[in-house]
Structures are given as C-alpha cells and as structure tokens.
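Quick notes on the structure that follows.
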Amino acid sequence: MEHITASEVAGFGVGTLLLCATIAAPKVDAFISASQRSSLGLCKRCGDLRMIACSRCRGTGLIKANGPFSFNLIDNLYQSEEIKVKSVGCTKCQAMGHFSCPDCSNTSTS
C-alpha cells in the first residue's frame, strides 16, 4: 500500500462509516422507540403490549434444528424440490415466541 490515492482513502472512510452505521442501527432504533414510548406514557420495553418477543427465536417460537448457520453440503446437493427446513421449538420461551414483560409485571404486582 505504498501508493494509495485520495479516492481510495475516501472509499475506506465511507466504508468504515457505513459499517459503523449498520452495527449501531439496532441500538439507535431501540433508543428512539423507548423515548417515543415514554413520551406517550407507555411502557418503555413493550409499549403496553405486556409481552416482549423472544430474543432467540425472534418471536416465531421455532429455531432451526442445527442452528442458524447450519450448512450440510450433502443435504443441499440431494434436496428434493420442496425445501424442507428442520425446525424445533425454542427452549428459551417454550415455543411460545414471547415472554410477559418484566417491567409491566413488576408494576402490576406492586
């Protein structure tokens, strides 16, 4: 990297900014939604729905049997025309896909 041009440096800078924005987007979104909920007088965590989605299965209640990044070359080569995804019930939420909101349940019991 002896002869790096200004355009290449700008490209690296823009790429770095885009990567940082992509990584920070969920946290920024969570902050904005929590502040909007509190300004409306709703629960900051669930928005008065009294339930939050499971972080493991993302609210579906099912996860892939071999994990999210499973890859089996033999199964992919000899797969039938129907794509069959093996899934099992989420053990974290007992396949319900959601939990009761801990913030709402604490205020209602007090």
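See the values below:
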quantity	calculated
Extreme residue, surrounded by the fewest Cβ atoms within 10 Å (Cβ to Cβ), among residues of region 27-48 that are assigned to a loop (DSSP other than H, G, I, E, B) and within 19 Å of the chain's Cα centre (by Cα)	44
Considering residues of region 96-110 that are part of a loop (DSSP other than H, G, I, E, B) and at pLDDT 85 or above only, the residue nearest to residue 42 (Cα to Cα)	101
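The values are calculated or read from the model by the stated rules, or taken from the named source; none is laboratory data. Computed from a predicted model, the values in this text were never measured in an experiment. Using ideal geometry, Cβ is built from the backbone for each residue, glycine included, and neighbour counts are taken over all protein chains shown.
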